[in-house]
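Undergrad: Okay, here's the structure, questions in a sec.
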Amino acid sequence: MKWIGSKTHALELLETIAKQISEKNLIELYCGSSVISINLAQKFNTITAVDIDQNVINFYNYFKTNYLEILQFYAKYHSQLIKNTKHYYDIRARFNETKDPNCWFALNRTSIGGLMRYNGENLNMSLHPNRTGTKPKTLSKIFDSNYQAIRKINFVHCDVLEYVTNTSIKNSLIILDPPYYKTNGMYKSNTQDENKLINVIEKLKDNKIILFYGSQFDDRQEIMKRYFCKMIEIGNKKNPGSFLRKTRSNDNTKIREKIFLNFDIDLREEN
């Protein structure tokens, strides 16, 4: 799945951390593409991925028993899209009427930047102007390599605060990658409340937490100091990672993406 803000570039670092901790349960909150859960699935006994976007969760649960149907649908879609790009908008209209996971995935693979933009309950993002999506044969190989991992994951459609309030969570590694505040439309949940995130962290603080840093925390350093003891920049000489721009002003300064941990770990040799 394509996804804006995907954490693929952080996987090497997260895998190194996972090897050094004793926790055998992984919970990825605000999971989006679930790239972390999928790639770390073999390192944990139980994996749960939670997101408020029901279409994301519906797709992964549908994938577990229908991935061949998804491939067949996508192959036909890809062929028709090459002939006429208007087909993208026909499929978008079909999805908005039926909420078919096959349509949702086809749109995800061919929209601009993996950005699933909503207008109410309906998708309204555009076709990528220069790409017609992954070739079906390539996609088949991707599906085959991830099928077992996805089957192992428990995908849950739920508000994150509601989930952590109503679920007993112990001895787990928690991945927190909350949406940026004041970003309407890019996320189905719209603006993320800072106090809500603090409540989530408070309820999870007895577990090991990895929080992805965005510039939304620039003026909330007390949160970092209260709950987290270690900061790590993502990237090394081989993989420089990614940079973020400040989101609360017109400041275009680039800042290297970071993670905050509420536990200590020694990564000097790996990074």
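Undergrad: Please specify each residue of segment 79-118 satisfying the condition of being within 14 Å of N58 (Cα to Cα) and not in a helix (DSSP H, G or I).
TA: K99, D100
Condition check ((1) without any contact (Cβ under 8 Å) to a residue 24 or more places away in the chain; (2) out of contact with any Asp or Glu (no Cβ under 7 Å at 6 or more places or on another chain); (3) under 20 Å from N154 (Cα atoms)) across all residues:
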| residue | (1), (2), (3) |
| --- | --- |
| I47 | no, yes, yes |
| K64 | no, yes, yes |
| H78 | no, yes, no |
| I82 | no, yes, no |
| D100 | yes, yes, no |
| A106 | no, yes, no |
| R109 | no, yes, no |
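Undergrad: Right, here's the next one. Restricting to segment 121-174, name every residue that is under 29 Å from I21 (Cα atoms), β-branched (V, I, T), without any contact (Cβ under 8 Å) to a residue 60 or more places away in the chain and in contact with a Lys or Arg (Cβ under 8 Å, 6 or more places away or on another chain).
TA: Of everything in segment 121-174, just one residue is under 29 Å from I21 (Cα atoms), β-branched (V, I, T), without any contact (Cβ under 8 Å) to a residue 60 or more places away in the chain and in contact with a Lys or Arg (Cβ under 8 Å, 6 or more places away or on another chain), namely T165.
Undergrad: Report yes if some residue within segment 61-84 is more than 21 Å from R151 (Cβ to Cβ) and either outside the structural domain of M125 (by TED's automatic domain parsing) or of a type in the set (F, W, Y) (or both); otherwise report no. Outline the logic, then answer.
TA: Here is the first cut: in segment 61-84, the residues more than 21 Å from R151 (Cβ to Cβ) are 75-84.
Remaining after also requiring either outside the structural domain of M125 (by TED's automatic domain parsing) or of a type in the set (F, W, Y) (or both): 77.
Yes - at least one qualifying residue is present in segment 61-84.
Undergrad: Among the numbered criteria (1) without any contact (Cβ under 8 Å) to a residue 12 or more places away in the chain; (2) crowded, with 18+ Cβ neighbours inside 10 Å, which one does A93 miss?
TA: A93 satisfies every listed condition except (2).
Undergrad: So I112 clears everything in (1) modelled with pLDDT of 95 or more; (2) surrounded by 15 or more Cβ atoms within 10 Å (Cβ to Cβ); (3) under 30 Å from A75 (Cβ atoms) except one condition, right? Which one?
TA: (1)
Undergrad: Yes or no: I169 hydrophobic (A, V, I, L, M, F, W, C) and assigned by TED's automatic domain parsing to the domain that holds N199? Break it down stepwise before answering.
TA: Numbers: hydrophobic (A, V, I, L, M, F, W, C): yes; assigned by TED's automatic domain parsing to the domain that holds N199: yes.
Answer is yes for this residue.
Undergrad: Separate question: For segment 39-65, how many residues meet the condition of being out of contact with any strand residue (DSSP E or B) (no Cβ under 7 Å at 6 or more places or on another chain) and part of a helix (DSSP H, G or I)?
TA: 11
Undergrad: Checking I201 against (1) modelled with pLDDT under 90; (2) surrounded by 14 or more Cβ atoms within 10 Å (Cβ to Cβ); (3) not assigned by TED's automatic domain parsing to the domain that holds Y88; (4) not charged (D, E, K, R), which single condition isn't satisfied?
TA: Unmet condition: (1).
Undergrad: Oh, and also: Taking segment 115-146 as the region of interest, how many residues are crowded, with 18+ Cβ neighbours inside 10 Å and at pLDDT 95 or above?
TA: 2
Undergrad: Right, another one. Can you name every residue in segment 204-222 that is crowded, with 16+ Cβ neighbours inside 10 Å and modelled with pLDDT under 85?
TA: Within segment 204-222, the first condition is being crowded, with 16+ Cβ neighbours inside 10 Å, and the residues that meet it are 204, 207-217.
If the condition is that a residue be crowded, with 16+ Cβ neighbours inside 10 Å and modelled with pLDDT under 85, then Y213, G214, S215, Q216, F217 are the ones that fit.
Undergrad: Please find, within segment 66-87, the residue that is surrounded by the fewest Cβ atoms within 10 Å (Cβ to Cβ) out of those that are touching a helix residue (DSSP H, G or I) at 6+ places or on another chain (Cβ under 6 Å) and hydroxyl-bearing (S, T, Y).
TA: Filtering first and then ranking leaves Y67.
Undergrad: Within segment 119-149, how many residues are assigned to a helix (DSSP H, G or I) and of a type in the set (S, T, N, Q)?
TA: Our first condition is that a residue be assigned to a helix (DSSP H, G or I); within segment 119-149, this holds for 136-149.
Of the ones still in play, those that are also of a type in the set (S, T, N, Q) are 138, 140, 145-146, 148.
Looking only at that region, the number is 5.
Undergrad: Now, a different point. Answer yes if at least one residue in segment 117-129 is within 16 Å of the chain's Cα centre (by Cα) and under 30 Å from K24 (Cα atoms), and no otherwise.
TA: Pass one, segment 117-129, residues within 16 Å of the chain's Cα centre (by Cα): 117.
Add one more test, that the residue is under 30 Å from K24 (Cα atoms), and what stays is none.
No, that holds for no residue.
The values are calculated or read from the model by the stated rules, or taken from the named source; none is laboratory data. Keep in mind that what you see is a predicted model, and the values were worked out from it rather than measured. Using ideal geometry, Cβ is built from the backbone for each residue, glycine included, and neighbour counts are taken over all protein chains shown.
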